[in-house]
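Read the structure below first, then the notes.
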Amino acid sequence: MRGTVQGVGFRPFVHRLANEHTLSGLVQNDAEGVWIEVEGASASLAGFEARLREAAPALARVASVEVEELPYLGTRGFRIAVSAQAASIDTIVPQDSAPCPDCLRELTDPLDRRYRYPFINCTACGPRYTLVRELPYDRTRTTMSAFPLCAACRAEYEEPAHRRFHAEPNACPACGPSVRFVGRGDFVLHGDEAMRAAARAVDAGLIVALKGVGGYLLATNARDAHAVSLLRARKRRPHKPFAVMARDVAEIQRLAHVSDVAREALAAPARPIVLLPLRDEVDALPGIAPGLRVIGMMLPSTPLHVLLASDGPPLQVMTSGNVGDEPIAMDDDDARFRLDGIADAFLTHDRRIHTRLDDSVVRIIMGEATPIRRGRGFVPVPIALPFAGPPVLATGADVKNAICITRGGEAFVSQHVGDLASPLAFAFFEETIDKLGRLLDVVPSIVAHDRHPEYRSTGWALASGIARMAVQHHHAHVASCLVEHGRSERAIGIAFDGTGCGPEGDLWGGEILVFDLSGFRRVGHLRPVLLPGGEAAIHEPWRVGFAALVDAGAPLDAFDGVAPRKRDVVRQMIARRVSTPSATGAGRWFDAIAAITDLRREVSYEGQGAIELEAAAASSRPQGAYEVPLEQGTPFVVDLRPTVRAVAKDVREGVATAMIAARFHETLARAILLAARRVRDATRLTLVALSGGCFQNRVLGERAVELLMADGFEVLVHRRVPPNDGGIALGQAAVAACRSWQQRKKG
């Protein structure tokens, strides 16, 4: 049996099942999966085989079952054999999982020997991927090998009927990891005193760096405005939203609307951060999500977090332990070095983290949880490919980077790596390539990469010495959406993001494509907008708004508040086309409208203008849409100049910003429909894949899907990987694997 079948209680499940059916034999882990040898009456064997799939443990994922008939041996009894090595590795490491109900009951039972023990776990829950060094998955191959089991824990570990049978992180206060609280002046507490001291510190508004399952986090009291402001200043994060951990769902419901789907996502074993709309009658938590009515909420993801939430304030900021766009700190010495100027105290422990892993983030779009960032609980669950190709390493993009490695017919997308501009993030990128490749026992024969020559991920690929395959950015976007649904046929692709490199080095980002996994054709795009100052225009989107008004022939009075000298410089740059590239990026058009309406003219984090424009749109119902003609030609152009003129007119006439934002979103959704209709008329294609960071936008995404489906289109949206650049690597890998597979068929 192959798949996620190790570290999830599969062998004791098989043992119980065999005994229930009065069968003899053995079950054994090896590097390919779980090996079962079983004999008995034919009817019993048939019932056993059926139940293997139907009743598998909750965390298991059976990818395939191979059955071979053997001569009857006449053995008696069923046993669990010692794990064996194999020539190749085909099994999958299970993902990390939040505490199960049984462990939570023990955690809060004063009579239990693991009462308030922050590392309690069993085969149904606990850390996995963050601890394992190599396969097959056994304690000796994890960072728990540093903690010899006490007699009581060993008895559980070796008892097939026990739920901790071969629970590799199994431990208790007598033999397992322990926590330590370090305050200012090296004030130190250990064990439960450390947990209670950390909770008191958070409650008092201090900033505590705590060692989570995949790295360090920073915690403080979410209702303490001063503490939140101080955390922002120390992290150099003026506006980007913070996530908040709540004690329970009831606390979340007091703040936000929690649908049944959102409730299920919050309580899932991955315990992701879920982006939720605030209740109308509720004031936003001060400083948590400036300018937004959406808040990222999560439930405690480990026993340590459960205790911190129980003893401390019911709402706690829980954000990555880093500065800026650096990766989260993982090693204790690194955390003390990088977080010492941020944290007032540390809650740490002596269990080593092998693989760095941040929290996952999801958003409910079209009634389903859509990943925005893949991390704990999502990685390393594989995605099935429509074919089995050669092993591919895809290096992803430069922002929101994640990599992907294929093995046979499966693709393994890594955890969120981040912005590779940081030297620490680039080192993490290389570390992720090495660790994931070793764990999967894959040596790639092809490295797939973006066409952008200045991407650091591209530079790594070019220097790798591996056979290379360039994949255009937006083709990778829509390919990732197609392949995560197990599809490979020709489709219409709508790729809306900020900017990406086109085949000729031009800047794309508002693309209408006809594509399959092997190639694409650009059939339409948004009208290009000028970016005065290039990269500077992304950080100062008023420049894009100014250029959009000039292009549309609209009055420039919307920017009278900008310093005259700055306006004159930008006007001359546009007139002379000096340092002023053009881009079709949908994200840049969001920037332009946010700037023209004076909603956001300078940004401190990526996509801030678009996020705040969506927030404004969500608070209003659009009254109609702006004009958006499609110009004839190959490719055709979605002309947004009439929209810009109408927006400028609405601003002058004092129309509410929320109404303008709602109309703009409606306009883009209708433009998507018009573009898809034109392609359908020419090609008869009715399958549409929506991808790119702009489809994190719930208002745009849901309205576009609604219009397309009402017009008879089949619409694919992301459900397994993010629509943003965090999903790019999957598309790159799928395209490279498909092309190689096709070449082999021809050869």
| In the chain, which longest range has no trypsin sites (Lys or Arg not before Pro) that are both DSSP loop (not H, G, I, E or B) and surrounded by at most 11 other Cβ atoms within 10 Å? | 237-576
| field | Förster-model FRET efficiency, 25 Å R0, Thr683 and Met366, C-beta, rounded to 0.05 | value | 0.50
| field | Carbon plus sulfur fraction of accessible area for the chain, probe 1.4 Å, in percent | value | 51 percent
| remark: In degrees, nearest 10, the alpha-carbon axis of helix 564-576 is tilted away from the dominant principal axis of the alpha carbons of the chain by 90 degrees
| said: Lysine pairs in the chain with Cα distance under 22 Å, only those 8 or more apart or on different chains: how many are there? | reply: 5
| message | Positive end of the dipole of the chain, charges at C-beta (+1 Lys, Arg; -1 Asp, Glu), about the Cα centre: which of His21, Thr458, Ile120 has its Cα farthest in that direction? | response | Thr458
| field | Per residue solvent-accessible surface (Å²) - region 467-533, probe of 1.4 Å | value | 26 Å²
| Heavy atoms of Met366: accessible area, 1.4 Å probe, square angstrom to 10 | 80 Å²
| message | Can you give me the long-range amide H partners of Ile92? Hydrogens built in the peptide plane at 1.01 Å from N, cutoff under 5 Å, separation of 5 or more residues or another chain. | response | Gly3, Val5, Gln6
| task | Send over a whole-number figure in Å² for the accessible area per residue of region 617-669, probe 1.4 Å. | result | 44 Å²
| note | Glu614 neighbourhood, Cβ < 12 Å, K/R = +1, D/E = -1, net charge +3
| In square angstrom, rounded to the nearest 10, how much accessible surface does Thr22 have for a 1.4 Å probe? | 120 Å²
| Ordering Asp359, Asp186 by how much accessible area each has at a 1.4 Å probe, largest first, what is the list? | Asp186, Asp359
| message | Using helices alone, I'd like the mean residue ellipticity at 222 nm for the chain: each DSSP H run of four-plus residues gives -39500 (n - 2.57), total over residue count, nearest 500. | response | -10500 deg cm²/dmol
| query | Using alpha-carbon positions, what is the distance between the centroids of region 503-555 and region 147-208, in Å? | reply | 53 Å
| Spin-label model distance (nm) - Asp711 vs Asp331, 7 Å beyond Cα toward Cβ | 5.5 nm
| message | Within 14 Å, Cβ to Cβ, of Trp460, how many net charges do the neighbouring residues add up to if Lys/Arg are +1 and Asp/Glu are -1? | response | -4
| task | Take Glu281, Glu653, Glu69 and sort them by solvent-accessible surface of the protein heavy atoms, 1.4 Å probe, largest at the top. | result | Glu69, Glu281, Glu653
| Isolated Cys in the chain by the 4.7 Å beta carbon test? | Cys103, Cys122, Cys153, Cys172, Cys404, Cys481, Cys501, Cys694, Cys738
| Solvent-accessible ranking of Asp260, Asp598, largest area first, probe 1.4 Å | Asp260, Asp598
| query | Where both residues lie in the chain, what percent of DSSP beta bridges are antiparallel, nearest 5? | reply | 70 percent
| request: For region 510-657, give the share of DSSP beta bridges that are antiparallel, in percent and rounded to the nearest 5; count only bridges with both residues there. | output: 75 percent
| field | Convex hull volume of region 93-181 per residue (C-alpha atoms, cubic angstrom) | value | 106 Å³
| Leaving out ligands, DNA and RNA but keeping every protein chain, what accessible area does Tyr115 have, in Å² rounded to the nearest 10, with a 1.4 Å probe? | 90 Å²
| field | Environment charge at Gly692 (Cβ cut-off 11 Å; Lys +1, Arg +1, Asp -1, Glu -1) | value | -3
| note | Long-range amide H partners of Gly296, meaning residues 5 or more apart or on another chain whose placed amide H is closer than 5 Å, are Val244, Leu276
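The values are calculated or read from the model by the stated rules, or taken from the named source; none is laboratory data. This is a predicted model, so every value here is computed, not measured. Backbone-built Cβ (ideal geometry, glycine too); neighbour counts: all protein chains shown. Keep in mind that these areas ignore ligands, DNA and RNA; they rest on the heavy atoms of the full protein, side chains included. Shrake-Rupley method; radii C 1.70, N 1.55, O 1.52, S 1.80 Å.
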